[in-house]
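I'd like to ask some things about the structure below.
The values are calculated or read from the model by the stated rules, or taken from the named source; none is laboratory data. All of these numbers come straight from a predicted model, not from anything done at the bench. All Cβ positions, glycine included, derive from the backbone under ideal geometry; neighbour counts span all protein chains shown. These area figures cover heavy atoms from the full protein model, side chains too; ligands, DNA and RNA do not enter into them. Shrake-Rupley method; radii C 1.70, N 1.55, O 1.52, S 1.80 Å.
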Amino acid sequence: MIDAADLRTRSDFSIDEMAEILGATRPDEIEEIRRAAENVLLENCGSEVYYRGLIEYSNICQCDCCYCGIRRSNKGVHRYELSVEQIVDAAKWCAQERYGSVVIQSGERRDKAFIKTIVEAVRLIKRETRSDALPQGLGITLSLGEQSLDSYRHFREAGAHRYLLRIETSDPSLFAQIHPNEQSFQSRLESLDALREAGFQVGTGVMIGLPGQTTRHLAGDIAFFKEKDIDMIGMGPFIPHEATPIGQTGYEIDRSTQVQRSLLMIAMTRLAMPDINIAATTALQALDPIGREKGLKYGANVIMPLLTPSEVRSDYLLYPGKPCLDESASQCRACLEARISSIGRTIGYDKWGDSRHALERAAPK
Ligand code: SAH
């Protein structure tokens, strides 16, 4: 096992070293890794946790990912689309509550009407959420899958400045196993490059615990994040959904193994990339009631409270067991604040909360 002092001072780990750390099973080793990651986070990013209010715009999707509950072929889903007004209202609530940023996420569509709606919503949010505390309005992250460079540019010009597009796995053959032929690894890579070209801060991430995925694959994922100079990461445990091809193979997960591996992945990513933003995702909480707090303790510094209107929350089911389905956004607020202070951290109210990594790229030291 790698020396504890090394864990805190180095960030240039080899694939072998990372795979070893990710495979840790002894409780004392795991605690050592966790403590090192938390320290690296506090030293490099401070103790603030940034909020991104999550608005799930629509579950209508052209893609057919073999793991995802809202895949095109799942005919059992009630499909919905929020209006621009509903999106903007959710964002205004977010600004009032002093959350500094929103994420607009959606099933994937590339038609003109879709692009136009997003551009309009982004423009309105930027205009209508300006205040003394947020002179440029809310920070906006988009998570709308693969789009053309032109569309990315339109979104950027409208005022969104961060974009999250998960690579899902950086191993091309594993990627091919979990996607239909028409969705290629190459095209995902090109989209990530296009996002950079359009001027976004770029986020990506992977699912943890996919069938056939090893700690070496996960170590390779972190090497990929570094190579792509990624600014922010959203990743969490894979949770099989019964109405999907992977769910139907009978692949089962062990919740606690899945959570532990995800937490180690957060910690290892923090150790390798000290100044990026890492989210403690909702999928973690789906498998463990205090999964997100644990994520923060393992080196994450971003949380995405759900703002989607209650009436459609249960239609945006990427995986089973999604938490907070029957709560309103304000109930989530009180609950989260208590959870974050319980672990000794503070909330970065009224801030966009860009990663130090992204800020230093924009204004090199
Ligand atoms: N269509 C957009 C955003 C919606 S999907 C996009 O593709 O970027 C958001 C993320 O949910 C996906 O990137 C995937 O990593 C995750 N996801 C989907 N199905 C999942 C499952 N069964 N378990 C865990 N995460 C899942």
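If we keep just the residues of segment 211-234 that are more than 15 Å from the ligand (Cβ to nearest atom) and among the acidic types (D, E), which is least open to solvent (accessible area, probe 1.4 Å)?
The qualifying residue least open to solvent (accessible area, probe 1.4 Å) is D231.
Can P320 be described as surrounded by 13 or more Cβ atoms within 10 Å (Cβ to Cβ), over 30 Å from P274 (Cβ atoms) and touching a residue at least 24 places away in the same chain (Cβ under 8 Å)?
On the way: surrounded by 13 or more Cβ atoms within 10 Å (Cβ to Cβ): yes; over 30 Å from P274 (Cβ atoms): yes; touching a residue at least 24 places away in the same chain (Cβ under 8 Å): yes.
Answer is yes for this residue.
How about segment 68-93: which of its residues are touching a residue at least 40 places away in the same chain (Cβ under 8 Å), more than 13 Å from T308 (Cβ to Cβ) and of a type outside the set (V, I, T)?
Passing the criteria: C68, G69, R71, N74, G76, H78, R79.
Identify all residues within segment 34-70 that are within 16 Å of the ligand (Cβ to nearest atom) and open to solvent by 30 Å² or more (accessible area, probe 1.4 Å); write none if there are none.
I60, Q62
For segment 148-175, enumerate the residues that are out of contact with any helix residue (DSSP H, G or I) (no Cβ under 7 Å at 6 or more places or on another chain) and either within 16 Å of the ligand (Cβ to nearest atom) or open to solvent by less than 10 Å² (accessible area, probe 1.4 Å) (or both).
Keep residues of segment 148-175 that are out of contact with any helix residue (DSSP H, G or I) (no Cβ under 7 Å at 6 or more places or on another chain), which gives 148, 150, 153, 156-157, 161-162, 164, 166, 173.
Once the filter is applied, which keeps residues that are out of contact with any helix residue (DSSP H, G or I) (no Cβ under 7 Å at 6 or more places or on another chain) and either within 16 Å of the ligand (Cβ to nearest atom) or open to solvent by less than 10 Å² (accessible area, probe 1.4 Å) (or both), segment 148-175 yields S148, R162, L164, R166.
Taking segment 277-300 only, how many residues are touching a strand residue (DSSP E or B) at 6+ places or on another chain (Cβ under 6 Å) and not small (G, A, S)?
Residues flagged as touching a strand residue (DSSP E or B) at 6+ places or on another chain (Cβ under 6 Å) and not small (G, A, S) within segment 277-300 amount to 7.
Between a first residue in segment 235-255 that is of a type in the set (A, V, I, L, M, F, W, C) and open to solvent by 30 Å² or more (accessible area, probe 1.4 Å) and a second residue that is in a loop (DSSP other than H, G, I, E, B) and near the ligand (Cβ under 7 Å from one of its atoms), which pairs have beta carbons less than 9 Å apart while being 6 or more apart in sequence or on different chains?
From segment 235-255, the pairs are A243/G69; I253/F238; I253/I239; I253/P240.
When you go through (1) more than 25 Å from A283 (Cα to Cα); (2) outside any loop (DSSP other than H, G, I, E, B); (3) away from the ligand (no atom under 12 Å from the Cβ) one by one for I87, which number turns out not to apply?
Condition not satisfied by I87: (1).
Continuing with this model, one more query. For E38, indicate whether it is out of contact with any Lys or Arg (no Cβ under 7 Å at 6 or more places or on another chain), among the acidic types (D, E) and over 27 Å from A176 (Cβ atoms).
Numbers: out of contact with any Lys or Arg (no Cβ under 7 Å at 6 or more places or on another chain): no; among the acidic types (D, E): yes; over 27 Å from A176 (Cβ atoms): yes.
Spelling it out, it is not the case that E38 is out of contact with any Lys or Arg (no Cβ under 7 Å at 6 or more places or on another chain), among the acidic types (D, E) and over 27 Å from A176 (Cβ atoms).
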